[in-house]
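Before any comments, here is the structure.
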Amino acid sequence: MATILIHNTWGKDGVERASLAFVVGKTALNSGQQAIMLLTIEGVWLATKGYTDGLVANGFEPLGKIIRDYIDGGGQLWACGACAKPRKITETELIPGAQIVGATKAVEAIVNGAQTLSF
């Protein structure tokens with residue numbers, strides 16, 4: 001089993017890109033791989049309760065459903081701590097299955113062989 005670390009910076013400013021990142025993550029899980037979604041910059045909002053309500057990119061399922069399916073399928077959802085802090089996002093605002101992590105955790109995943117893809 002391989003690990004893919006998908007880096008997503010998009011939120012409401014790029015619903016199609018954000019949706020695609022999670023579709024790729026779910027595809028990795030469906031093919032028996034481990035998937036980690038690293039949310040940075042505006043992407044950290046995707047890990048918060050209620051943020052994805054009403055967000056749907058043309059040709060995709062609702063973004064909230066895509067994210068829930070990704071987590072329910074075993075995908076890890078990491079929100080960048082350095083990005084969450086200035087936005088005043090804490091663990092209490094996160095959706096179930098999401099966690100705030102520091103850069104060390106992302107670096108460890110990459111050093112341990114995770115392949116990376118950025119959106």
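The values are calculated or read from the model by the stated rules, or taken from the named source; none is laboratory data. Values in this document were obtained by computation on a predicted structure and should not be read as measured data. For neighbour counting, all protein chains shown are included, and Cβ atoms are generated from backbone atoms with ideal geometry for every residue, glycine included.
Free of Cβ contacts under 8 Å to residues at least 40 places away in the same chain, surrounded by fewer than 19 Cβ atoms within 10 Å (Cβ to Cβ) and either of a type in the set (A, V, I, L, M, F, W, C) or in contact with a Gly (Cβ under 8 Å, 6 or more places away or on another chain) (or both) - does that describe any residue in segment 16-25?
Quick first cut of segment 16-25, residues free of Cβ contacts under 8 Å to residues at least 40 places away in the same chain only: none.
No, segment 16-25 contains no residue that is free of Cβ contacts under 8 Å to residues at least 40 places away in the same chain, surrounded by fewer than 19 Cβ atoms within 10 Å (Cβ to Cβ) and either of a type in the set (A, V, I, L, M, F, W, C) or in contact with a Gly (Cβ under 8 Å, 6 or more places away or on another chain) (or both).
Name every residue in segment 62-90 that is in contact with a helix residue (DSSP H, G or I) (Cβ under 8 Å, 6 or more places away or on another chain), over 19 Å from Ile6 (Cα atoms) and assigned to a loop (DSSP other than H, G, I, E, B), in order of residue number.
Ile89, Thr90
Check Ile110 against each of (1) surrounded by fewer than 18 Cβ atoms within 10 Å (Cβ to Cβ); (2) in contact (Cβ under 8 Å) with a residue 60 or more places away in the chain; (3) touching a helix residue (DSSP H, G or I) at 6+ places or on another chain (Cβ under 9 Å); (4) hydrophobic (A, V, I, L, M, F, W, C) and name the one condition it does not meet.
Here Ile110 clears every test but (3).
Whether any residue in segment 49-57 is modelled with pLDDT of 95 or more and on the phi > 0 side of the Ramachandran plot is what I want to check.
yes
Among the residues of segment 2-12, is any in a loop (DSSP other than H, G, I, E, B), over 15 Å from Phe119 (Cα atoms) and at pLDDT 95 or above?
The answer is yes, given that some residue of segment 2-12 is in a loop (DSSP other than H, G, I, E, B), over 15 Å from Phe119 (Cα atoms) and at pLDDT 95 or above.
Quick grid of which residues meet (1) modelled with pLDDT of 95 or more; (2) assigned to a helix (DSSP H, G or I); (3) over 13 Å from the mean Cα position of the chain (by Cα):
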position	(1), (2), (3)
Gly14	yes, yes, yes
Met37	yes, no, no
Val44	yes, yes, no
Ile100	yes, no, no
Val107	yes, yes, yes
Gly113	yes, no, yes
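Consider only pairs whose beta carbons are under 9 Å apart and that are at least six residues apart or on different chains; among these, list those whose first residue lies in segment 78-98 and is at pLDDT 95 or above and of a type in the set (A, V, I, L, M, F, W, C) and whose second residue is assigned to a loop (DSSP other than H, G, I, E, B) and surrounded by fewer than 18 Cβ atoms within 10 Å (Cβ to Cβ).
Within 9 Å, the pairs are Cys80/Gly102; Ala82/Gly102; Ala84/Thr90; Leu94/Lys49; Ile95/Lys49; Ile95/Gly50.
Is there a residue being free of Cβ contacts under 8 Å to residues at least 60 places away in the same chain, in a helix (DSSP H, G or I) and surrounded by 14 or more Cβ atoms within 10 Å (Cβ to Cβ) anywhere in segment 48-60?
As a first pass, look at segment 48-60 and keep what is free of Cβ contacts under 8 Å to residues at least 60 places away in the same chain: 48-60.
With the extra rule that they be in a helix (DSSP H, G or I), the set shrinks to none.
No, segment 48-60 contains no residue that is free of Cβ contacts under 8 Å to residues at least 60 places away in the same chain, in a helix (DSSP H, G or I) and surrounded by 14 or more Cβ atoms within 10 Å (Cβ to Cβ).
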